[in-house]
Amino acid sequence: MIVCLGPVGSGKSLLLKSLQNSDSIDETTTAVPTIGTNIFDIRVGDNIFEVRELGGSMAPLWPVYLGNAKKITYVVDVSNLCQISAACVLLYTIMVLPSLANAKFLIVLTKMDVSYRQMRNEALLMLQMKRLQKESKQQIEITQASAITGEGKNDILTWISK
Ligand SMILES: Nc1nc2c(ncn2[C@@H]2O[C@H](COP(=O)(O)OP(=O)(O)OP(=O)(O)O)[C@@H](O)[C@H]2O)c(=O)[nH]1
Ligand SMILES: [Mg+2]
């Protein structure tokens with residue numbers, strides 16, 4: 001099972017929707033906050049992968065629903081650096097769960113269409129990504145994305161399918 005996590009409003013639903021069908025997204029598309037969980041079937045080539053989004057509002061309950069997921073995509077909104085520390089705390093909280101000791105992580109820095117490169121760099125610094133990649137046992141990859149422009153789509157699909 002692939003699980004998608006991230007704070008409230010970080011852009012999980014819209015990103016997963018854009019991975020399903022990018023034609024369905026433009027600047028006017030809005031997403032409603034996820035109450036509980038959402039399942040997205042995402043096609044990569046001939047295969048279909050099931051990705052489960054756990055809403056940010058149920059973050060205290062994430063560990064209950066994570067089981068021993070093998071792959072975690074963690075979505076961070078880089079257009080809003082005010083919530084980076086909250087995103088960081090939530091990420092660290094799940095990375096230390098014993099059940100996820102062997103999970104693979106993909107950190108998705110999203111909403112790049114409304115961010116500057118410098119904001120992305122600040123986000124990486126604030127998340128202490130370099131150090132995390134060096135010191136944690138889990139494999140962590142990082143990519144940047146936008147549900148609106150489709151940036152990062154191929155990277156994420158490749159990660160999902162490998
Ligand atoms: N500009 C821009 N806006 C985005 C992007 N992704 C999401 N949004 C907007 O951000 C808001 C929150 O997006 P959601 O996808 O609902 O966020 P979520 O992470 O699923 O939130 P919860 O379900 O509450 O945990 C919505 O208004 C989206 O339209 C993006 O890549 N670019
Ligand atoms: Mg959602």
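The values are calculated or read from the model by the stated rules, or taken from the named source; none is laboratory data. The structure presented is a predicted model; accordingly, all values stated were derived computationally and were not measured. Neighbour counts are summed over all protein chains in view; Cβ atoms, including those assigned to glycine, are modelled from backbone coordinates with ideal geometry. SASA here: full protein model, heavy atoms, side chains in, ligands and nucleic acids out. Shrake-Rupley method; radii C 1.70, N 1.55, O 1.52, S 1.80 Å.
Just to be sure before I move on: is L106 touching a residue at least 40 places away in the same chain (Cβ under 8 Å) and either within 16 Å of ligand 1 (Cβ to nearest atom) or aromatic (F, W, Y) (or both) in the structure I sent?
Judged against the criteria, L106 is a match.
Inside region 20-52, can you point out the residues that are without any contact (Cβ under 8 Å) to a residue 60 or more places away in the chain, among the hydrophobic types (A, V, I, L, M, F, W, C) and in contact with a helix residue (DSSP H, G or I) (Cβ under 6 Å, 6 or more places away or on another chain)?
A31, F40
Specify the residue that is nearest to ligand 2 (Cβ to nearest atom); the eligible residues are those in region 129-156 that are open to solvent by less than 60 Å² (accessible area, probe 1.4 Å) and aliphatic (A, V, I, L, M). So that I can check it myself, show each step before the final result.
Kept after step one, since they are open to solvent by less than 60 Å² (accessible area, probe 1.4 Å), are these residues of region 129-156: 129, 132, 136, 138, 140-141, 143-148, 150, 152-153, 156.
Now narrow it down to the ones that are aliphatic (A, V, I, L, M): 129, 132, 140, 145, 147-148, 156.
Values: M129: 23, L132: 24, I140: 22, A145: 15, A147: 11, I148: 16, I156: 16 Å.
The qualifying residue nearest to ligand 2 (Cβ to nearest atom) is A147.
Can you tell me how many residues within region 66-101 are surrounded by 13 or more Cβ atoms within 10 Å (Cβ to Cβ) and either closer than 16 Å to G11 by Cα or in contact (Cβ under 8 Å) with a residue 60 or more places away in the chain (or both)? Lay out the reasoning, then the answer.
Within region 66-101, the first condition is being surrounded by 13 or more Cβ atoms within 10 Å (Cβ to Cβ), and the residues that meet it are 66, 69, 71-81, 83-84, 86-88, 90-95, 97, 100.
In the following step, the residues that additionally are either closer than 16 Å to G11 by Cα or in contact (Cβ under 8 Å) with a residue 60 or more places away in the chain (or both) were identified as 66, 69, 71-81, 83-84, 86-88, 90-91, 94.
Within region 66-101, residues that are surrounded by 13 or more Cβ atoms within 10 Å (Cβ to Cβ) and either closer than 16 Å to G11 by Cα or in contact (Cβ under 8 Å) with a residue 60 or more places away in the chain (or both) number 21.
Within region 111-128, which residues are at pLDDT 90 or above and either of a type in the set (D, E, K, R) or buried (at least 17 other Cβ atoms within 10 Å of the Cβ) (or both)?
K111, M112, D113, S115, M119, R120, E122, A123, L124, L127 - these are the residues of region 111-128 that are at pLDDT 90 or above and either of a type in the set (D, E, K, R) or buried (at least 17 other Cβ atoms within 10 Å of the Cβ) (or both).
Can you find, within region 34-50, the residue that is farthest from ligand 1 (Cβ to nearest atom) among those that are open to solvent by 50 Å² or more (accessible area, probe 1.4 Å) and not in a strand (DSSP E or B)?
D46
Kindly provide the set of residues from region 35-60 that are within 14 Å of ligand 2 (Cβ to nearest atom) and within 17 Å of M1 (Cβ to Cβ), ordered by number.
G36, T37, N38, I39, F40, V51, R52, E53, L54, G55, M58
Suppose we filter region 10-33 for residues that are within 13 Å of ligand 2 (Cβ to nearest atom) and either surrounded by 19 or more Cβ atoms within 10 Å (Cβ to Cβ) or of a type in the set (A, V, I, L, M) (or both); how many remain?
The qualifying residues number 11.
Keeping to region 121-162, report how many residues are among the charged types (D, E, K, R) and out of contact with any helix residue (DSSP H, G or I) (no Cβ under 7 Å at 6 or more places or on another chain).
7
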